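Remarks on the structure that follows.
The values are calculated or read from the model by the stated rules, or taken from the named source; none is laboratory data. All figures in this text were calculated on a predicted structure; none of them were measured in a lab. Don't worry about glycine lacking a Cβ; one is built from the backbone with ideal geometry, like all the others, and counts go over all protein chains shown.
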Amino acid sequence: MIKPDDEIAFRDPECGAHSLVLRFGDVLVTGLFTPFGLDPLAELTVTYDLPTYEKREAQAKAHIDALAIAHILSGWDLITD
């Protein structure tokens, strides 16, 4: 099974939606799920047009950090184990 290098999940306390953000090396995958939905309401895969893997990976790491901060500042709750 493929395991992500980074993963973070949030829950919107108002509507119960869940947001999942995964990083696989230099690729970012996100999904937004409704409270009782099994399939994502929205999904996005992000790749970066940079010359080296190291630069693409650094950009993906910075992007997942920025998404985490944006979720927290927007009032989403962090889901932890």
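Name the single residue that is surrounded by the most Cβ atoms within 10 Å (Cβ to Cβ) among those in the stretch 5-49 being assigned to a loop (DSSP other than H, G, I, E, B) and in contact (Cβ under 8 Å) with a residue 24 or more places away in the chain.
Looking at the filtered set, the residue picked out is ASP26.
Do you know which residues across the stretch 34-54 are modelled with pLDDT of 95 or more, out of contact with any Gly (no Cβ under 9 Å at 6 or more places or on another chain) and of a type outside the set (S, T, N, Q)?
Hits for the stretch 34-54 are VAL46, TYR48, ASP49, LEU50, PRO51, GLU54.
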